[in-house]
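Heads up: the structure comes next, in structure tokens.
Every number here is computed from the coordinates shown, using simple stated rules; none is lab data. The model shown is predicted, which means the values in this text are computed figures rather than measured ones. Virtual Cβ from ideal backbone geometry, glycine too; neighbours counted across all protein chains shown.
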Amino acid sequence: MKRIGVLTSGGDAPGMNAAIRAVVRTGLSRNISTIGFRRGYNGLLMQSASNQEDFLVLTSREVSGTVHRGGTFLMTARCLAFLEKENQIKAVNNLNSLGIEGLVCIGGDGTYHGAASLKELGFPVIGIPGTIDNDMSYTDYSIGFDTALDTAIENIDRIRDTCGSHERGSLVTVMGRNCGEIALSTALACGAEVVMVPEIPWSLEETAERVKWAAMNGKSSLIMIFAEGAVNSLTSDVAAICAGDERLQGINPAHLSSSSIAQMIEILSGHEVRATVLGYTQRGGNPSAKDRILAGRMGNYAVQLLAEGIHGVAVGVHGEELIHVPIEEAMNSRIDPQKARDMKDLIETMAGV
């Protein structure tokens with residue numbers, strides 16, 4: 001193998017640059033050159049005005065000084081056009097025209113679906129999990145999760161200071177549209193009293209009751225962690241709740257925001273609750289030491305596998321051991337619901353409410 005390609009796709013995650021760097025420098029140590037494709041699968045289609053917009057040769061110097069940087073210098077974007085078979089075939093032809101013999105795809109579930117499409121066409125691919133959601137059950141950790149968790153905890157620690165000063169509750173929304181891993185881990189690490197995730201049904205009434213009892217038991221601050229997708233597991237009759245109090249008349253049950261959820265909890269509990277959305281702050285920032293090390297190990301391992309003729313797989317980690325599984329097994333995986341329930345039980349036990 002003389003030349004490989006690398007791309008980052010989907011949502012950015014701290015540590016992606018470290019993974020690219022590891023791919024490039026491991027390749028060079030084996031006399032393998034690396035082409036970096038810009039904006040994910042868009043780069044493979046080469047639809048820009050110039051090739052320089054789509055790809056570049058990555059030398060040792062190109063990746064120098066990137067290990068500590070957040071985001072991805074190759075940039076990332078979604079590519080709906082890549083869902084079409086004719087464009088997948090076009091991508092393979094473009095890869096072949098550049099003399100590329102294998103492709104490393106760094107990203108989450110959507111990225112893996114794209115890689116699997118190339119595998120079906122006979123092109124060698126390797127997947128590296130790069131997503132802050134840590135929603136791929138075949139691996140213990142994905143690149144970016146540890147940094148996102150640290151960012152959320154740092155911000156919530158500051159929010160708790162203000163909550164304590166004003167004796168109020170705070171509903172903090174963290175990322176996790178389909179997976180509550182960030183919310184659960186954040187809640188456990190920062191000592192939250194309540195956590196709401198997509199995997200576990202919950203109600204406004206029960207949450208408000210916990211808030212009320214926590215306040216009655218002398219809690220001066222109260223943190224509720226809300227995964228952005230937890231609205232989908234809400235069991236309460238929101239329309240009935242809103243109809244019962246004129247202060248809630250402006251809430252649209254079909255489009256609930258974190259602010260409206262906080263308002264309903266406040267009225268049901270009789271305790272002041274404010275809402276904060278951490279948003280994209282969780283994706284940015286310099287990667288943690290753990291994410292840099294994990295990215296380096298995974299990038300190195302991916303190139304080793306390609307050089308040994310092993311492809312069509314996704315790399316991961318179990319404990320301290322690097323592993324690889326067929327890429328199809330790595331797709332569509334989510335946090336184990338039982339694990340989610342166990343963590344929620346532990347969080348509520350530790351909260352002491």
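Summary of computed values
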quantity	calculated
Antiparallel bridges, percent of DSSP beta bridges restricted to the chain (to nearest 5)	25
Dipole magnitude (debye, nearest 20) for segment 148-283, charges at Cβ of Lys, Arg, Asp, Glu	200
Residue-span extension gain [Ala77 to Tyr280] - 0.36 nm each, minus C-alpha spacing	71.5 nm
In nm, spacing of pseudo-spin labels at Arg341 and Ser203 (7 Å Cα→C-beta vector)	1.8
Centroid-to-centroid separation of segment 1-56 and segment 133-186 [C-alpha atoms, Å]	30
Length-normalised contact order of segment 116-179 in % [C-alpha pairs under 8 Å, at least 6 apart]	22
For Rg and Dmax of the Cα atoms in Å, calculated from these coordinates, the label among (i) 19.4, 60; (ii) 19.9, 65; (iii) 22.6, 71	(iii)
Calculated Rg and Dmax of segment 240-325 using C-alpha coordinates, Å	23.6, 68
Local electrostatic count, Ala18, Cβ distance below 9 Å [Lys/Arg +1, Asp/Glu -1]	+2
Area projected by the alpha carbon convex hull of segment 1-126, averaged over all directions, nm²	6.9
Where N is the number of residues in segment 148-283, Cα Rg divided by 2.2 N^0.38 Å	0.98
Helix-only mean residue ellipticity at 222 nm for the chain, each DSSP H run of n ≥ 4 adding -39500 (n - 2.57), per residue, nearest 500	-13000 deg cm²/dmol
Using alpha carbons only: equivalent-ellipsoid semi-axes of segment 175-230, gyration tensor based, whole Å	21, 13, 6
